[in-house]
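Student: The following block contains the structure, expressed as structure tokens.
The values are calculated or read from the model by the stated rules, or taken from the named source; none is laboratory data. These numbers were taken from a predicted model, which means no experiment stands behind them. Ideal geometry is used to build each Cβ from the backbone, glycine not excepted, and the neighbour counts take in all protein chains shown. Keep in mind that these areas ignore ligands, DNA and RNA; they rest on the heavy atoms of the full protein, side chains included. Shrake-Rupley method; radii C 1.70, N 1.55, O 1.52, S 1.80 Å.
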Amino acid sequence: MRTNQFNVFPANTDVEVVITTLGAFNSDNYRDGIVFTQAGKFTLEAQTFISGAALESSQLEFEVFGERFLKYWVYALNKGRGGITPYIIHITLDAGQNIPASDNVAPALKGKIVVEFKRTQTTGFAFDLGTGIADRDPIPCTTLNLNIIAPATDVTCTLIHGLFDNPVKIELDGFDATGAGGGIIDIHIPNVINPNHAADFDIPEVVVRIYEVDTITGNENELYYHGYDLINVTYPQNPATIPVVIATAPTLTSTALNDPATLRIRVEPTYGLFAADNIVFELPLFWKPPKIMTCRVGGVARQCVGYADAKQILMRLGGGVAA
């Protein structure tokens, strides 16, 4: 784009240039503004000329984001800053449109889902989310209401370390196509540790991007982008550890190898719990809970989520539990 000649401008003086695009007035191609048809990072270059010769130039990189989800929400079970206690990140989204399968082959487009945890050199999440997992190694994760490619029962997640100002990334693979109007999708990532910085302004952001990938060229087109500020995970002090009394020894309906069993355990929290509070059960090393199971609290059935690789079960209470 090249402008007409300007009047003389004094040196070292700011000049505001407004660029717009205008078609024929009242016609179908009338647009008051620049329209981006592709998400991605782009470079804007400005040059000045005197008598046709380039005098100065400057470049600015900017990013155009994909569409926002119809719904997007991120919840962290632990509200304290840093510490050594891992917690669970729970992401809920509704794309509203098609998501291609992650295993599509040429010439079809394949899908790619990436969760980003923003960080800088001084703020944000640790480069490995505090997990101790090596770069590009599997990280525990669980999804609900996302179509999975058989015979697997869930996606596989890969941790990509964040270096310097680059975010920590978790890439999801093994999901099947989701049609328009597919509804709510949940992504659970256990064993993450909150940022541990003294800066009160540290508000970490969790972003989900969904791409369609050209299986021939490898080019990625960002379909969706949405970020969420976790303002409730950097309180100045960690919450106190609340002891839970095991009232009676746990029992199993079966101890036979590879035989599904029901675990019964009675607990007495030192302080009362409320509806929508969460209880996380840490299981022995070789126990692998199913992804979805039924838990009962005081005889009331609740849906529990199991994290097989993390050896945990998450139960959200439907009502209060007295101290």
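Student: Regarding Ala308, is this residue under 29 Å from Val192 (Cβ atoms) and open to solvent by less than 50 Å² (accessible area, probe 1.4 Å)?
Tutor: yes
Student: Same structure again: Taking Thr143, is it in a loop (DSSP other than H, G, I, E, B) and not aliphatic (A, V, I, L, M)?
Tutor: Answer is no for this residue.
Student: Which of the residues belonging to the range 209-222 are crowded, with 20+ Cβ neighbours inside 10 Å and either part of a loop (DSSP other than H, G, I, E, B) or of a type in the set (A, V, I, L, M, F, W, C) (or both)?
Tutor: Of everything in the range 209-222, just one residue is crowded, with 20+ Cβ neighbours inside 10 Å and either part of a loop (DSSP other than H, G, I, E, B) or of a type in the set (A, V, I, L, M, F, W, C) (or both), namely Ile210.
Student: Can you name the condition, by its number, that Pro195 falls short on among (1) over 24 Å from Val305 (Cα atoms); (2) open to solvent by 50 Å² or more (accessible area, probe 1.4 Å); (3) not aromatic (Phe, Trp, Tyr)?
Tutor: Condition (2) is where Pro195 drops out.
Student: Please verify whether the range 100-112 includes one or more residues that are among the β-branched types (Val, Ile, Thr), farther than 19 Å from Tyr211 by Cβ and surrounded by fewer than 18 Cβ atoms within 10 Å (Cβ to Cβ).
Tutor: Checking the range 100-112: not a single residue is among the β-branched types (Val, Ile, Thr), farther than 19 Å from Tyr211 by Cβ and surrounded by fewer than 18 Cβ atoms within 10 Å (Cβ to Cβ).
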